[in-house]
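Worksheet for the structure shown next.
The values are calculated or read from the model by the stated rules, or taken from the named source; none is laboratory data. Since we're looking at a predicted model, the values are computed, not measured. FYI the Cβ positions are ideal-geometry reconstructions off the backbone, even for glycines, and counts take in every protein chain you see. Just the protein is used for accessible areas: all its heavy atoms, side chains included, with ligands, DNA and RNA removed. Shrake-Rupley method; radii C 1.70, N 1.55, O 1.52, S 1.80 Å.
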Amino acid sequence: MSPYYRLVQGRDGYFYGTTLYGIILGTGPGTIFRISGSGGDLTNLWSFTGGVDGAAAKGVTLGSDGRFYGTTYEGGTNGVGSVFRIDGSGSLTNLYSFTGIPDGAHPQAPLVQGSDGNLYGTTWSGGTNGSGSVFRISPSGSYSNLHSFSGPDGANPFAALVQGNDGNFYGTTWSGGTNGDGTIFRISSSGSYSNLHIFSGPEGANPLAALVQGNDGNFYGTTEYGGTNSDGTVFRISPSGALTNLWSFTGGIDGAEPMSELVQGSDGNFYGTTYLGGVNDHGTVYRISPSGTLTNLHLFTGGSDGAEPFAGLVQGSDGNLYGATGYGGNTNLDGGNGYGTVFRLTVPLNPPANQISAVSRAGNNLIFNIPSVASETYQLQFSSSMTPTNWVNVPGVSVTNSIGALLTVTNFGGASQPQGFYRFDITP
């Protein structure tokens, strides 16, 4: 019970996830489950024992081999966590048991598979200095410690890593840094480490969530606390470390304490959850544009829809968003508030924002129909082929939309424009 970490869609179309507790009255060291997108066919694949197999799993990651990899906060041979592999039929293998020093202890985050085929992750504590570590592990279980945090460079990484377009990995620490409010860092696959940003409170503090790299090459993330109202923030940071605060939560209707990573939808916007806030203080689902326009999509009631979403969202192959809440749902047998829900949220993500669905012409003006957002700026791009890296900006054709749904490009140039492919891209 209490599915605290994001779901992952497998090759079979099912969604896979973990719970912190067992299947009977919220007791036990947790499970791994599979559920269909329609909400039926929930199957318990593994119930942890708290022994060598681990306890309190921190989500799963789909590997290139079709199997799932994950970490546990406790258990393993030494009781301080493990790395495991499980296939779709429920066969689990322990790949590594942490010892605490010097390799790390109590991993809090899912793994990420790098382009080299290895898996990369973090531990909350342990390592040489007791402040956590970054590690690499092969699919067969060969382990390497890449970095041990010392405090000034960061401490207690809670979130998963993300591999950037440059091949490096980017992550956050919940505490440490000069101000004790956490950091953003970059690390190579061989362990070369650099701090990109040290949080200071008013701009955000204590990032719990992983970063996500947007289509524009920047990274987007959240902080649990800090910001103007101390209720958390959404931020954008460039690969070189230039940070921009996009939103400071108020603790009211917009939400409070975002603990999960963002996901960029096929419309170019980012989607996330807040743990608290909203109309009932049970959390929210929100959409935020790359420039910082925030819209609430759902306010949890604490009833059958769930409460306190800790996990991030994932966009399924059907275009819908899927997520989980840590509490709420059907009432427990002991009269409690429920052990959480798995939910689907349908939002108009398709066609993508850079896909033109209709076009008409009035003189030198072109009117495009795309699912655009009011007050957002869109850049017209051209390509002679559909190769993802071939798109270039059309000079002078950038428009800020005032109404949404329609874009009007004036003085397009008509026949002076080359034949090829055109699209719009939302810009920060």
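Only a single criterion out of (1) without any contact (Cβ under 8 Å) to a residue 60 or more places away in the chain; (2) open to solvent by less than 40 Å² (accessible area, probe 1.4 Å); (3) hydrophobic (A, V, I, L, M, F, W, C); (4) within 17 Å of PRO309 (Cβ to Cβ) is not satisfied by VAL279, namely (2). PRO157: open to solvent by less than 20 Å² (accessible area, probe 1.4 Å), more than 22 Å from TRP247 (Cβ to Cβ) and either in contact with a helix residue (DSSP H, G or I) (Cβ under 8 Å, 6 or more places away or on another chain) or part of a loop (DSSP other than H, G, I, E, B) (or both), yes or no? When the stated conditions are applied, PRO157 passes them. Residue by residue through region 282-300, note down the ones that are open to solvent by less than 40 Å² (accessible area, probe 1.4 Å) and under 17 Å from ASP231 (Cβ atoms). The answer is GLY283, THR284, VAL285, TYR286, ILE288, GLY292, LEU294, PHE300.
Number of residues in region 184-205 that are touching an Asp or Glu at 6+ places or on another chain (Cβ under 7 Å) and either open to solvent by less than 30 Å² (accessible area, probe 1.4 Å) or among the β-branched types (Val, Ile, Thr) (or both) equals 3. Scanning region 233-262 for residues that are part of a loop (DSSP other than H, G, I, E, B), in contact (Cβ under 8 Å) with a residue 60 or more places away in the chain and open to solvent by 20 Å² or more (accessible area, probe 1.4 Å) gives PRO239, GLU261. Filtering region 173-217 to residues that are basic (Lys, Arg) and either farther than 17 Å from ARG236 by Cβ or assigned to a loop (DSSP other than H, G, I, E, B) (or both) leaves nothing.
Per-residue answers, yes or no, for (1) within 20 Å of the chain's Cα centre (by Cα); (2) open to solvent by less than 10 Å² (accessible area, probe 1.4 Å); (3) farther than 25 Å from THR172 by Cα; (4) basic (Lys, Arg):
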| position | (1), (2), (3), (4) |
| --- | --- |
| ALA56 | yes, no, no, no |
| VAL60 | yes, yes, no, no |
| ASP65 | no, no, yes, no |
| THR71 | yes, yes, no, no |
| VAL80 | no, no, no, no |
| ILE86 | no, yes, yes, no |
| THR99 | no, no, no, no |
| PRO102 | no, no, no, no |
| GLN108 | yes, no, no, no |
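In this entry, THR19 is excluded by the filter for residues that are open to solvent by 50 Å² or more (accessible area, probe 1.4 Å) and among the β-branched types (Val, Ile, Thr). Of the strands (runs of 3 or more DSSP E) entirely within region 28-134, those holding at least 3 residues that are among the small types (Gly, Ala, Ser) occupy 55-62.
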